[in-house]
Amino acid sequence: EAQVTQNPRYLITVTGKKLTVTCSQNMNHEYMSWYRQDPGLGLRQIYYSMNVEVTDKGDVPEGYKVSRKEKRNFPLILESPSPNQTSLYFCASSSLTSSGANVLTFGAGSRLTVL
Amino acid sequence: DAKTTQPNSMESNEEEPVHLPCNHSTISGTDYIHWYRQLPSQGPEYVIHGLTSNVNNRMASLAIAEDRKSSTLILHRATLRDAAVYYCILRDPLNQAGTALIFGKGTTLSVSS
């Protein structure tokens, strides 16, 4: 089944303790991205990657890092989490074609709480 | 990407058709109209997309105005499982830089039995 898998799905951590949220896709998609969803603010893009070793900032990159060493994986790294990073995180992927059919497939989400 | 405007909420009864409107008066010629929905406690999922012509798939139909400044997502027979937030999004496949989907607040659809 074509899917985007995120782990962990739920995590409670404390301020300053480094954590990584993994994201993996099995569709051989070039493009991957991370979004966070907060009440009243909707979904906002954190980082995206057009292909292996190519990453760039989205709208809200502060406090986050990403890497794209392999095509299928796009981990989100919080080096020193803070309470304002408490949020629901979504990873997404798509193929890069010139047609309008480059739809995004989203993961199920990772709910992170930073105390 | 250009902005879209949707009603905050709509209500429907089960088994009835639902028409979800979207205005996008500043749409450019290369923007595709995409619809996604987000069920409670799930990630957004793709519903349908189109450029100029009306489109049908197993989930829904998309009716696009002739001037492309508005579109309507049609759920032919709403079920309780269709209760979700529906997002109308414009996406330019020729502008791959960023390729961020700009999610507005969407329309929250409630379905009653």
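A few notes on this one:
- P(r) for the protein assembly as shown, from all Cα pairs and a bin width of 10 Å, is 8, 32, 34, 20, 5, 0 %, short bins first.
- DSSP-defined antiparallel bridges as percent of all bridges, chain B, nearest 5: 85 percent
- Equivalent ellipsoid semi-axes - Cα gyration tensor, chain A, angstrom: 23, 14, 13
- Mean sequence separation of contacting Cα pairs (under 8 Å, at least six apart), scaled by the length of chain A, corresponds to a relative contact order of 36 percent.
- Carbon plus sulfur fraction of accessible area for chain A, probe 1.4 Å, in percent: 51 percent
- Taking both sides together, the accessible area buried where B meets A is about 1700 Å² for a 1.4 Å probe.
- Spin-label model, B:LEU80/B:SER25: points 7 Å from Cα along the beta carbon direction are separated by 4.1 nm.
- With all pairs of separate Cα atoms included, region B:40-82 yields a Kirkwood hydrodynamic radius of 11.6 Å.
- Histogram of C-alpha separations across chain B, 10 Å bin width, %: 15, 49, 30, 6, 0
- Violating pairs (Cα-Cα greater than 32 angstrom) within the set A:LYS57/B:LYS105; A:LYS18/B:LYS3; A:LYS69/B:LYS69; A:LYS17/A:LYS57; A:LYS65/B:LYS105; A:LYS17/A:LYS71: A:LYS18/B:LYS3; A:LYS69/B:LYS69
- Rough spin-label spacing in nm, given labels placed 7 Å along Cα→Cβ, for B:MET59 and A:LYS71: 2.5 nm
- Taking every protein chain into account, the 1.4 Å probe leaves A:LEU41 with about 100 Å² of accessible area, to the nearest ten.
The values are calculated or read from the model by the stated rules, or taken from the named source; none is laboratory data. In this text the structure is predicted, and so the values were computed from the model without any measurement. Note that we place each Cβ from the backbone using ideal geometry, even for glycine, and neighbour counts take in every protein chain shown. Keep in mind that these areas ignore ligands, DNA and RNA; they rest on the heavy atoms of the full protein, side chains included. Shrake-Rupley method; radii C 1.70, N 1.55, O 1.52, S 1.80 Å.
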